[in-house]
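Reading through the structure tokens given below for one structure.
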Amino acid sequence: TLAPADSYTVTALASGEITEDYFEEGDVVAKDQLLMKMDSESLVSSLERAQNSYENAQKSLSDLYKDRDDLNVRSDYSGIIQVMDLDVGDEVMKGAVVASVIDRDTMLIDIPFMQADTFNISKGASAVLTVSDTLEQITGTVDKISPSYKVNENGVKTVDVTIAVKNPGVITESTSATAKIGEYSCTESAKFYYNVNKQITSDASGKVKTIVKDEGDYVTKGDTVIILESDTLDDSIDQAERNLKDAAN
């Protein structure tokens with residue numbers, strides 16, 4: 001009895017209504033030849049749902065990775081760390097202030113000049129300041145000129161000129177001074193303030209694992225100040241990684 005050397009059963013890989021067919025019984029067909037088309041609407045819907053599920057799992061994991069990166073609390077400013085009252089093991093809530101940063105090397109002062117005089121003053125101009133208490137003279141540079149004017153008690157229009165000076169070490173926020181820029185003198189004295197006096201806040205909740213920069217240390221913008229840890233976040237990441245793997249399959 002003769003029998004075919006090879007015999008195959010063609011099966012459908014999906015369920016649906018046949019919309020077109022391209023063969024009849026007894027036809028000779030070749031490998032990979034299209035035999036029929038089926039309604040794929042339900043399959044497309046399933047594929048879209050699977051794709052959405054995968055993308056949602058991927059986004060959830062990405063958000064958790066960002067939360068984990070936020071456990072590294074960084075400074076947005078350069079300066080000296082002030083008032084850090086934390087120890088390893090302390091709990092820190094999201095949004096909590098962990099320290100403050102002060103730049104004592106550069107001081108700023110907003111001194112009023114007559115509006116007419118400021119038309120002849122430009123950013124970067126050299127200024128001479130006289131400290132009110134000691135009459136010591138220090139040099140500075142015009143940092144900016146206010147775009148608006150004020151009227152003082154004498155009815156004179158004045159404009160605040162911000163001058164930056166290198167702190168010789170004795171200037172604080174209680175120190176006042178007068179200024180002269182070229183031939184133009186200010187209308188009254190003003191007090192210095194720190195170039196940077198900002199707070200560092202945490203973008204995540206967790207327990208203090210490591211104190212990288214302590215009170216009195218100098219930090220550059222972007223430096224990590226403290227590192228937090230969160231067992232809950234670690235568990236969430238593990239679960240999200242498993243969910244993404246399941247969605248990919």
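Multiplying the residue separation of Val170 and Asp63 by 0.36 nm and removing their Cα-Cα distance gives an extension gain of 33.8 nm.
Could you rank Asp21, Asp32, Asp231, Asp70 by how accessible they are, 1.4 Å probe, largest area first? The partial results should precede the final answer.
Values: Asp21 95, Asp32 145, Asp231 115, Asp70 25 Å².
Most to least solvent-accessible, the answer reads Asp32, Asp231, Asp21, Asp70.
Taking Cβ atoms as reference points and 12 Å as the exclusive limit, the residues near Tyr218 contribute a net charge of -3, counting Lys and Arg as +1 and Asp and Glu as -1.
Taking 19 Å as the limit for the C-alpha separation, the pairs Lys207/Lys245; Lys198/Lys221; Lys150/Lys198; Lys123/Lys180; Lys144/Lys221 exceed it in the case of Lys207/Lys245; Lys150/Lys198; Lys144/Lys221.
Legend: P(r) of the range 96-176 from all alpha carbon pair distances, 10 Å bins from 0, whole percents, reading 16, 41, 31, 10, 2.
Phe119 sits with roughly 150 Å² accessible to a 1.4 Å probe, with DNA, RNA and ligands left out of the calculation.
Put simply, the amide H of Ile200, placed in the peptide plane, has neighbours under 5 Å in Val98, Ala99, Ser100, Val101, leaving out anything fewer than 5 places away on its chain.
Under 1.5 on a/c is rounded, so check that first for the range 31-76, then, if it is not, pick prolate when a/b is larger than b/c and oblate when it is not; a ≥ b ≥ c are the square roots of the alpha carbon gyration tensor eigenvalues. Cα axes put the range 31-76 in the prolate bin. In sequence order, the range 145-161 has phi-based couplings of 10, 4, x, 10, 10, 10, 10, 7, 5, 8, x, 9, 6, 10, 10, 6, 10 Hz under the Karplus curve 6.51 cos²θ - 1.76 cosθ + 1.60, θ = phi - 60°, and Gly or Pro positions carry x.
Across the range 171-181, coupling constants 3J(HN,Hα) worked out from phi with the 6.51/-1.76/1.60 Karplus curve, θ = phi - 60°, read 8, 10, 6, 9, 7, 10, 7, 10, 9, 9, 10 Hz, and Gly and Pro carry x. Charging the Cβ of each Asp and Glu at -1 and of each Lys and Arg at +1, and nothing else, the dipole of the chain about its Cα centre rounds to 1660 debye. Here's the picture: charge each Lys and Arg Cβ at +1 and each Asp and Glu Cβ at -1 in the range 20-118, and of Thr118, Tyr54, Val98 the one pushed furthest to the positive end of that dipole is Thr118.
Report, to the nearest whole %, how much of the accessible area of the chain belongs to carbon and sulfur atoms, 1.4 Å probe, protein only. Before the final figure, lay out each step's value.
Working: 7720 of 16660 Å².
Ligands and nucleic acids excluded, carbon and sulfur reach 46 percent.
For the chain, the relative contact order is 27 percent, taking Cα pairs closer than 8 Å that sit 6 or more residues apart in sequence and dividing their mean separation by the residue count.
Computed over protein heavy atoms with a 1.4 Å probe, the accessible surface of the range 79-192 works out to 56 Å² per residue.
Evaluate Rg over Rh across the chain, taking Cα atoms for both radii and Kirkwood's formula for Rh.
Values: Rg = 35.6 Å, Rh = 25.2 Å.
Answer for the chain: 1.41.
Taking all pairs of different Cα atoms in the range 118-157, averaging 1/r and flipping that mean, what Kirkwood radius in angstroms comes out?
Details: mean 1/r = 0.0814 Å⁻¹.
After inverting the pairwise mean of 1/r, the radius is 12.3 Å.
Ordered from highest to lowest accessible area with the whole protein assembly present and a 1.4 Å probe, Thr1, Thr134 read as Thr1, Thr134.
Accessible area per residue was computed with a 1.4 Å probe on protein heavy atoms; Tyr218 scores about 110 Å². Applying 0.36 nm per residue to the separation of Glu17 and Ser126 and subtracting their alpha-carbon distance, the gain on full extension is 30.8 nm. In this structure, Lys207 and Ser78 have a Cβ-Cβ separation that, at R0 = 35 Å, corresponds to a calculated FRET efficiency of about 0.80. Sites listed here are trypsin sites (Lys or Arg not before Pro) in the range 134-230 whose DSSP assignment is loop and whose Cβ has at most 10 other Cβ atoms within 10 Å, and the list is empty. Placing a label point 7 Å from the Cα of Gln51 along the Cα-to-Cβ line, the residues of the range 220-249 whose backbone N sits under 15 Å from it are 248. Which residues in the range 101-130 place their backbone N less than 17 Å from a point set 7 Å from the Cα of Lys198 along the Cα-to-Cβ direction? From the range 101-130, the list is 101-108.
Rounded to the nearest 10 degrees, the inclination of helix 41-69 to the longest alpha-carbon principal axis of the chain is 30 degrees.
Please work out whether the range 14-135 counts as rounded, prolate or oblate from its C-alpha gyration tensor, where a ≥ b ≥ c are the square roots of the eigenvalues and a/c under 1.5 means rounded, while otherwise a/b larger than b/c means prolate and anything else oblate? Don't jump to the answer; show the numbers that get you there.
Working: a/c = 6.21, a/b = 2.81, b/c = 2.21.
Prolate, because a/c is 1.5 or more and a/b exceeds b/c.
Principal-axis analysis of the Cα atoms of the chain puts helix 231-248 at an angle of about 40° to the longest axis.
Using a probe radius of 1.4 Å on heavy atoms only, what accessible surface per residue do you get for the range 18-71? Whole Å² is fine. Mind showing how you got there, number by number?
On the way: 4510 Å² over 54 residues.
Spelled out: the 1.4 Å probe surface of the range 18-71, per residue, equals 84 Å².
Counting only DSSP H runs of at least 4 residues, each contributing -39500 (n - 2.57), and dividing by the residue count of the chain, the helix-based mean residue ellipticity at 222 nm comes to -7000 deg cm²/dmol. The stretch between Val151 and Thr224, if pulled fully straight at 0.36 nm per residue, gains 21.8 nm over its current Cα-Cα span. Among Glu41, Glu25, Glu215, the largest mean-square fluctuation in a Gaussian network model of the chain, built with springs joining Cα atoms closer than 10 Å, belongs to Glu25.
The values are calculated or read from the model by the stated rules, or taken from the named source; none is laboratory data. Note that the structure is predicted; figures quoted are calculated from it, not measured. Counting neighbours? That spans all protein chains shown, and the Cβs are built from the backbone with ideal geometry, glycine included. Only protein heavy atoms, including side chains, enter the accessible area calculation; ligands, DNA and RNA are left aside. Shrake-Rupley method; radii C 1.70, N 1.55, O 1.52, S 1.80 Å.
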